[in-house]
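What follows is one structure encoded as structure tokens, with my remarks underneath.
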Amino acid sequence: MVADCLSPLPRHLAIIMDGNGRWAQGRGMGRLVGHNAGAESVREIVEACRELGIAALTLYAFSEENWLRPRAEVRALMALLKRFLQKERALMLKQGIRLNAIGELTRLPNGTLEVLKKVMEDTREGSAMTLTLALSYGGRQEIVRAARMLAAKTLSGIIEPANITEELMASHMYTAGLPEPDLLIRTSGELRISNFLLWQSAYTEFYFTPTPWPAFRKPELMEALRDFAARERRFGKTGEQVEKVSN
Ligand code: FPP
């Protein structure tokens, strides 16, 4: 049962987990300490979302641009991801969490990719929540990929250009089958979308907080959800039109 002040909950919550490095450096520690603490936040937020009944949670864990970071940091992040998946597999199974991943996954190191695929396969019947990790992900790259697939189908005569609709585009995105995100949270004070879910976030509500990701825990999540619940989503209509439908 969800408290009134949290209703409606987002069906799909997306998060840009930013600020691990600054959080650690502000404490005189290395960036990797921040990523480790960030993994603790991931665990806590996944559990909280599952408990609340949020159907889909998508986390921006590694962007296409993150490959440009120092090699040692990339290697450490990939190793952390692998350890996280190995450790959380049992809990995901127990809690009915289906693991999903979006992005250019073939760029991941073999060891990480193997574990990822295994946990995705093992949890595929999970029906309580879909946890999607965006890995080697870029929103523009995703749109280009969809355009290429549609161009190839058009060339081979499977579809006509006139039949390319928003729905058909959406079905060629990595996120096909997921609802569009209702709420997107970005931690650590930056006010931008950084190539995350560009196509999918056309009507998404945004919530920006100065709290760095390692400090973003259940109370901070509740605050964001309360803020979202109090908003009026109009989808281009007038306030009066929206009120009529919901009454
Ligand atoms: C942004 O912080 C965070 C990342 C680039 C990676 C996100 C990774 C985690 C939260 C940890 C592991 C993830 C999983 C799924 C187990 P930043 O390094 O850009 O911070 P900064 O902007 O302060 O430098």
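The values are calculated or read from the model by the stated rules, or taken from the named source; none is laboratory data. Only a predicted model underlies this, so the values are computations on that prediction, with no experimental measurement involved. Virtual Cβ from ideal backbone geometry, glycine too; neighbours counted across all protein chains shown. Note: accessible area is taken over every heavy atom of the protein model, side chains too, but ligands, DNA and RNA are not part of it. Shrake-Rupley method; radii C 1.70, N 1.55, O 1.52, S 1.80 Å.
Some notes on this structure:
- Helix-derived mean residue ellipticity, 222 nm - over the chain, DSSP H n ≥ 4, -39500 (n - 2.57), to 500: -14000 deg cm²/dmol
- The stretch 9-91: trypsin sites (Lys or Arg not before Pro) falling in loop per DSSP and having at most 15 other Cβ within 10 Å: Arg11, Arg27
- Between the beta carbons of Ser127 and Gln25, assuming R0 = 35 Å, the FRET efficiency works out to 0.30 to the nearest 0.05.
- The stretch 44-88 shape via C-alpha gyration tensor axes, a/c threshold 1.5: oblate
- With 31 Å as the limit on Cα-Cα distance, the pairs of Lys94/Lys237; Lys87/Lys153; Lys82/Lys218; Lys118/Lys218; Lys117/Lys218; Lys87/Lys218 that go past it are Lys94/Lys237; Lys87/Lys153.
- Computed over the stretch 77-123, the convex hull of the alpha-carbon atoms projects to a mean area of 3.0 nm².
- Distance in nm between pseudo-label sites at Glu167 and Ala152 (7 Å out along the Cβ direction from Cα): 2.4 nm
- In this simple spin-label approximation, Ile143 and Glu44 carry label points 7 Å from Cα along the Cα→Cβ vector, and these lie 3.6 nm apart.
- Accessible area per residue for the stretch 1-136, computed on protein heavy atoms with a 1.4 Å probe, is 49 Å².
- If you take all other residues with their beta carbon under 12 Å from the beta carbon of Thr154, and give Lys and Arg +1 and Asp and Glu -1, the sum is +1.
- Here the Karplus relation 6.51 cos²θ - 1.76 cosθ + 1.60, evaluated at θ = phi - 60°, turns the backbone of the stretch 108-122 into coupling constants of 6, x, 3, x, 5, 4, 4, 5, 4, 4, 5, 5, 4, 5, 5 Hz, with x for every Gly and Pro.
- Taking only protein heavy atoms and a 1.4 Å probe, the accessible area of the chain is 53% carbon and sulfur.
- Between Leu91 and Met222, the FRET efficiency from the beta-carbon distance, with R0 = 25 Å, is close to 0.75.
- For Tyr174, the accessible area of its heavy atoms, probed at 1.4 Å with every protein chain present, is near 50 square angstrom.
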